[in-house]
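The values are calculated or read from the model by the stated rules, or taken from the named source; none is laboratory data. Note that the coordinates shown come from a computational prediction; the quantities given were computed from them, not determined experimentally. As a convention, Cβ positions derive from the backbone with ideal geometry for all residues, glycine included, and neighbour counts pool all protein chains shown.
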Amino acid sequence: VRLPPASTICPPYGHDAQLPLQLTGVRDGAIIKRLPGAAEATLPLQSSGGAGERWWFLNGEPLTERGRNVTLHLTDKGDYQLLVMDDVGQMATVKFVMQ
């Protein structure tokens, strides 16, 4: 199988990004617990680097919030995967557990 030549109208993947996209606020493999008596766990999250708009996904589902910062309000226990993507297709992802 041969690939077609590269398109001249598409920029190279990640070419416009000055810094790699990073996600902060929760570490990969973290165990999140609610505070005693709290109905939910609140996670303020930030992205840095990358370029342009940000799209956030929790367990593959898009979040309604966009931008460099979002806050998760988690009520259900279980495994989670969080992903943020920027305008040039860079992605940063973490997996964590809510107990």
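At-a-glance table
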item: Residues that are in contact with a Phe, Trp or Tyr (Cβ under 8 Å, 6 or more places away or on another chain), loosely packed, with under 14 Cβ neighbours inside 10 Å and either under 15 Å from Thr93 (Cβ atoms) or modelled with pLDDT under 95 (or both), drawn from region 28-62; result: Asp28, Gly29, Asn59, Pro62
item: Whichever residue in region 42-59 is assigned to a loop (DSSP other than H, G, I, E, B) and out of contact with any Asp or Glu (no Cβ under 7 Å at 6 or more places or on another chain) and, among such residues, is farthest from Gly29 (Cα to Cα); result: Gly49
item: Subset of region 1-27 (residues that are modelled with pLDDT under 95 and in contact with a Ser or Thr (Cβ under 6 Å, 6 or more places away or on another chain)); result: none
item: Region 14-64 - residue that is among the hydroxyl-bearing types (Ser, Thr, Tyr) and under 14 Å from Asp86 (Cβ atoms) and, of those, nearest to the chain's Cα centre (by Cα); result: Ser47
item: Scan of region 60-94 for residues that are part of a strand (DSSP E or B) and of a type in the set (Lys, Arg), ordered by number; result: Arg66
item: Residue check for Asp76: at pLDDT below 95 and acidic (Asp, Glu); result: no
item: Close pairs (8 angstrom Cβ cut-off, 6 or more residues apart or separate chains): on the phi < 0 side of the Ramachandran plot and at pLDDT below 95 in region 80-99, among the hydroxyl-bearing types (Ser, Thr, Tyr) and assigned to a loop (DSSP other than H, G, I, E, B) anywhere; result: Val88/Tyr13
